1. What is segment 80-140's relative contact order, in percent, from Cα pairs under 8 angstrom and six or more apart in sequence?
2. Would you calculate the convex hull of the Cα atoms in segment 121-220 and tell me its volume per residue in Å³?
3. Distance in nm between label sites at Asn159 and Thr126, each 7 Å beyond Cα in the beta-carbon direction?
4. Under a Cβ-Cβ cut-off of 13 Å, what is the net charge of the residues other than Ile213 that fall near it, where Lys and Arg count +1 and Asp and Glu count -1?
5. How much length is gained if the chain between Arg73 and Lys61 is pulled fully straight, taking 0.36 nm per residue apart and subtracting their Cα-Cα distance, in nm to one decimal?
6. Let a ≥ b ≥ c be the square roots of the eigenvalues of the Cα gyration tensor of segment 64-204; is it rounded (a/c under 1.5), or, if not, prolate (a/b larger than b/c) or oblate?
7. Between Asn81 and Lys135, what is the spin-label point distance in nm, taking each point 7 Å from the Cα along the Cα→C-beta axis?
8. Where in segment 133-226 are there trypsin sites (Lys or Arg not before Pro) that are in a DSSP coil and have at most 12 other Cβ atoms within 10 angstrom of their Cβ?
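No value in this document is a laboratory result; all are computed from the given coordinates. Being a predicted model, the structure only gives us computed values, none of them experimental. Cβ placement follows ideal geometry from the backbone for every residue including glycine, while neighbour counts extend to all protein chains displayed.
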Amino acid sequence: MILIGILWKTTNNFNFPPRNNEVGFILTNMKKYIILSLAVITFLTSCQPILRTVTGIKKPKIESYKSIENYIRENNLPIKNDKNYFLTKNEDYKSLAKFRDSLFRLPDIYLFNKQGQFIEENQYCTSLKIELSDKPNQNYYEKILKIDSLQSKEKTIKNLEVLMNDKNGEKIILNSNENIAIVLWAKFLGKKNKKFLNDAKQQLKNTDENIDIYFLNIDTLESWEE
């Protein structure tokens, strides 16, 4: 609990540039991502009171494919049901965290190039975001898609597909011949969802690179109990 308090205080002391473009938005909200990353880990270890205190998000509930579909419709989220996917089982949380960098973040965006290779962001990417913060005509995602050193040879879109089902509980196959973005979100994030999802979709579309956008809901599902 002390660690949580320290992180909260530290992240609120950061001075990020104003949101005048997509990069400014990412930097401005970095402190929220740090807190939400910690919150998701806390949630997965069942410490829900701490989770709600730190992030202000709703108490997570067990959901169904239908309840998620209704939530998308009722809140007018920019998600098409045929492009919204789900984890297949509870153990997939760990696999998803390991795939990223052993830290499960939420919300988050996983980016893949046309060869299906995961774009593995690193410290250089942080510097690039700062560099592009005053260059609204240059797109961060477009830049990192073209950096060879960020293209993982071990992690591919196929590794992520095995963790995902569609709304009918069926396995999926994504078109690995296109650039792909997987946007992670959850119903338990509440009102934070609409702003993040709208901004993420706009940022990914505002590029000369054609990027197919899909969404991965990471709420706990009742079907996992079967």
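1. 14
2. Hull volume normalised by residue count: 135 Å³.
3. Distance between label points: 2.2 nm.
4. Numbers: positive: Lys80, Lys83, Lys201, Lys205; negative: Asp82, Glu178, Asp199, Glu209, Asp212.
Net charge in that neighbourhood comes out at -1.
5. Here the answer is 2.5 nm.
6. Values: a/c = 1.84, a/b = 1.30, b/c = 1.41.
Taking the square roots of the gyration eigenvalues as a ≥ b ≥ c, segment 64-204 is oblate.
7. So the label points at Asn81 and Lys135 sit 4.3 nm apart.
8. Working: sites: Lys143, Lys146, Lys153, Lys155, Lys158, Lys167, Lys171, Lys187, Lys191, Lys192, Lys194, Lys195, Lys201, Lys205; in loops: Lys146, Lys167, Lys191.
Loop-located and lightly packed - Lys146, Lys191.
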